[in-house]
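**Student:** Handing you a structure now.
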Amino acid sequence: MHDILFKPVTAGALEAKNRIWMAPLTRGRATMPGFVPNAMNAKYYRQRANAGVIISEATGISVEGLGWPSAPGIWSDEQVEGWKPVVDAVHDEGGLIVLQMWHMGRLVHPDFLGGEAPVSASATTAAGHAHTPDGRKDYEAARELTVEEVARVVEDYRHAAENAKKAGFDGVQLHGANGYLIDQFLRETTNQRTDEYGGSVENRTRFLREVLTALVDVWGADRVGVRFSPNGETQGCDDSNPAAIFGAAADVAQDLGIAFVELREPGPDGTFGQTDVPKQHDVIREKYTGTLVLNSDYTAEEAVRDVSAGTCDAVAFGRPYISNPDLAARIEAGADWAPNVNVPQSWYLPGPAGYIDYPTMDEEDTASVGVAAE
């Protein structure tokens, strides 16, 4: 009944063996100091190379852009060398992996910046708390990037894309979702600028276009993707007319001919980020003719439904891939998922527990999974 999910799909130059993709999942296991990937990361991704495409965990493009303890970066030579065995591990298993490129903008706490203020589209402050090495702390006010600084950030993305190529990735995905820097420029609650980067939807998509253009310059359009979260508020980012701004964002993706667009679209019954704001994939599908990947609370049956209907070309599974390294095989066999939905502590704890200790369906003992993290 899941046969359609196991038909290959092309996304630009990426020839995915199936339509069960692995969504980006922040896990906080990089080596500190330095935000450097390690052997444990390589094992984690090797275990999950059964996905049609792995979209890596969000990876900082610069010191300025990374504000999550033990998340990986891609700005330094040491980080590039750390990523190489990770990529090789996925390739050894016949998988594909693209790097998700991350600048958190106003969601970087000053503790990561030597006390300096974070940057954003405008001088705003996010609600809630940041994860820092010293525990949870209130977000602090961001300062507005100057036009000259915007150009510098674009070059930071370009440099990170060049490093991703050196590390051997199969492509890159721009993180344009979840209230991070790209999203902060797109949406009106966080973009209050009056210059060429603010106001109209064309202006608010200008930074997106410039960054994607830089990535295309490095990789070619056929190895570049982008992620959006186009419906509802996320980490203080919101917009009164999501169809207009994300329709314009889809126009950018279409104009540049990038390989794929991935959308995180929760619904009113979602388990993370519930919203009544309508999903926008139809708006984006109408404007963007490349490979469309949908994400958020999908079951295998729902994925079959939407791929069969042509609503999308593939589905990216997130949390089910945390505790089921052989998720694609489980779906093919019709097995139970038993996703790790009840122990979120294990998502971000250091060490192997709740990270690389999940058995496949062929392994005997599943009773102790996650116990160390509870």
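**Student:** Mind listing whichever residues of the range 102-128 are buried (at least 20 other Cβ atoms within 10 Å of the Cβ), part of a loop (DSSP other than H, G, I, E, B) and of a type in the set (A, V, I, L, M, F, W, C)?
**Tutor:** If the condition is that a residue be buried (at least 20 other Cβ atoms within 10 Å of the Cβ), part of a loop (DSSP other than H, G, I, E, B) and of a type in the set (A, V, I, L, M, F, W, C), then Met104, Val108, Ala121, Ala126 are the ones that fit.
**Student:** Taking only the range 64-94 into account, find how many residues are of a type outside the set (D, E, K, R), over 15 Å from Ala167 (Cβ atoms) and more than 18 Å from the chain's Cα centre (by Cα).
**Tutor:** Residues that pass the stated criteria total 1.
**Student:** Let me ask something additional. Looking at the structure I just gave you, is Val277 in contact with a Phe, Trp or Tyr (Cβ under 9 Å, 6 or more places away or on another chain) and either closer than 28 Å to Ile258 by Cβ or part of a loop (DSSP other than H, G, I, E, B) (or both)?
**Tutor:** Considered against the rule, which asks whether it is in contact with a Phe, Trp or Tyr (Cβ under 9 Å, 6 or more places away or on another chain) and either closer than 28 Å to Ile258 by Cβ or part of a loop (DSSP other than H, G, I, E, B) (or both), Val277 comes out as no.
**Student:** Tell me which residues, restricted to the range 348-360, are out of contact with any Gly (no Cβ under 6 Å at 6 or more places or on another chain) and either hydroxyl-bearing (Ser, Thr, Tyr) or modelled with pLDDT under 90 (or both).
**Tutor:** Residues of the range 348-360 out of contact with any Gly (no Cβ under 6 Å at 6 or more places or on another chain): 349-353, 355-360.
Correct list: Leu349, Pro350, Tyr355, Tyr358, Thr360.
**Student:** Search the range 52-70 for residues that are at positive phi and pair each with any residue that is aliphatic (A, V, I, L, M) when their beta-carbon atoms are under 8 Å apart and the residues are at least 6 apart or on different chains.
**Tutor:** Ser70/Ala30; Ser70/Met32
**Student:** Among the helices (runs of 4 or more DSSP H) lying completely within the range 165-231, list those that include at least 2 residues that are in contact with a helix residue (DSSP H, G or I) (Cβ under 7 Å, 6 or more places away or on another chain) and crowded, with 24+ Cβ neighbours inside 10 Å.
**Tutor:** 181-186, 206-219
**Student:** I'd like to verify a number: residues in the range 64-80 that are aromatic (Phe, Trp, Tyr) and surrounded by fewer than 22 Cβ atoms within 10 Å (Cβ to Cβ), how many?
**Tutor:** 1
**Student:** Something else now. On the basis of being crowded, with 23+ Cβ neighbours inside 10 Å, among the aromatic types (Phe, Trp, Tyr) and under 14 Å from Asp170 (Cβ atoms), does Trp83 make the cut?
**Tutor:** Answer is yes for this residue.
**Student:** Could you tell me which residue of the range 254-274 is surrounded by the most Cβ atoms within 10 Å (Cβ to Cβ), considering only residues that are modelled with pLDDT of 95 or more and in a loop (DSSP other than H, G, I, E, B)?
**Tutor:** Residue satisfying both the conditions and the ranking: Ile258.
**Student:** Which ones in the range 232-246 are more than 15 Å from Pro266 (Cβ to Cβ) and not polar (S, T, N, Q)?
**Tutor:** Hits for the range 232-246 are Gly236, Asp239, Ala243, Ala244, Ile245.
**Student:** Report yes if Leu349 is surrounded by fewer than 20 Cβ atoms within 10 Å (Cβ to Cβ), within 20 Å of the chain's Cα centre (by Cα), farther than 19 Å from Gly95 by Cβ and of a type in the set (A, V, I, L, M, F, W, C), otherwise no.
**Tutor:** Yes: the conditions hold for Leu349.
**Student:** Assuming Pro33 fulfils every condition listed in (1) crowded, with 19+ Cβ neighbours inside 10 Å; (2) part of a loop (DSSP other than H, G, I, E, B) apart from one, which condition is it?
**Tutor:** That leaves (1) as the condition not met.
**Student:** Which residues, counting only those in the range 74-101, are assigned to a loop (DSSP other than H, G, I, E, B) and either at pLDDT below 95 or of a type in the set (Phe, Trp, Tyr) (or both)?
**Tutor:** Trp75
The values are calculated or read from the model by the stated rules, or taken from the named source; none is laboratory data. All of these numbers come straight from a predicted model, not from anything done at the bench. Cβ: placed from backbone, ideal geometry, glycine included. Neighbour counts: every protein chain shown.
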